[in-house]
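Accompanying notes for the structure given below.
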Amino acid sequence: MAATLPYILRETPSGIHRYSIVDEMLRCREIQCVGPIDDDAADALCLQLRYLQQANPEGEITIYINSPGGSVLSGLAIYDVMKAVSCPVRTVCLGMAASMAALLFIAGDQRDMLPHSQVMIHDPILAGAAGGSALEMKALSDNLMRVREITGQVIAAHTGKSLEEVLATTSHDSYFEAAQAVEFGLADRVITAL
């Protein structure tokens, strides 16, 4: 069952108006990355980031993240836009930032975690059934290794760790509680107030 998002009522000279809480948070320069990262989620996040840059090229944008991750290409599209906008982008981990969501969280200019949140990093996973000719399998494998290198480099760039250390850590599912994430360089601080 999908959660119903509340509306905000605001009295204006022209009467009472009803606004989506998502619209209100966007007005406050706060957006969210929740649920699986796919093409639709990437489209929505990239559109919001670009809109907020257009509205105020220097104002901070906050992305609240609680996501199991998802498509690497969709996630890299969001990452590229996060890095391309002129606005500082703050990321806040609520609950779990896993897989591709972890990469987005790590990429924030200021990376905050709530005390009981977690980050999980691992190598990219080949989604769906793999099959086909030997050449097709080799092409899939080569692409997966190329994507592993790209995501490893991104994590290394934002944590100060060597690529070798990142690849050793991502060779399996590695979970970090908030304080551990700060120690490893995945986050900047643990916060208790928003």
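The values are calculated or read from the model by the stated rules, or taken from the named source; none is laboratory data. Since we're looking at a predicted model, the values are computed, not measured. Counting neighbours? That spans all protein chains shown, and the Cβs are built from the backbone with ideal geometry, glycine included. Keep in mind that these areas ignore ligands, DNA and RNA; they rest on the heavy atoms of the full protein, side chains included. Shrake-Rupley method; radii C 1.70, N 1.55, O 1.52, S 1.80 Å.
Of the numbered criteria (1) surrounded by fewer than 17 Cβ atoms within 10 Å (Cβ to Cβ); (2) modelled with pLDDT of 95 or more, the one ILE121 fails is (1). The residues in region 64-76 that are under 18 Å from LEU114 (Cα atoms) and touching an Asp or Glu at 6+ places or on another chain (Cβ under 8 Å) can be counted, and the count is 1. Inside region 131-186, residues that are basic (Lys, Arg) and open to solvent by less than 80 Å² (accessible area, probe 1.4 Å) make up a count of 2. If the condition is being assigned to a loop (DSSP other than H, G, I, E, B), closer than 17 Å to ASP173 by Cβ and open to solvent by less than 10 Å² (accessible area, probe 1.4 Å), then region 59-107 contributes only GLY69.
Applying a threshold of 8 Å to beta carbon distances and a minimum spacing of six or more residues, or different chains, the list of pairs starting in region 53-66 at a residue that is in contact (Cβ under 8 Å) with a residue 60 or more places away in the chain and ending at one that is assigned to a helix (DSSP H, G or I) and open to solvent by 70 Å² or more (accessible area, probe 1.4 Å) is empty. Checking each residue in region 4-58 for being open to solvent by less than 50 Å² (accessible area, probe 1.4 Å) and in a helix (DSSP H, G or I) picks out GLU24, LEU26, ALA41, ALA42, ALA44, LEU45, CYS46, GLN48, LEU49, LEU52.
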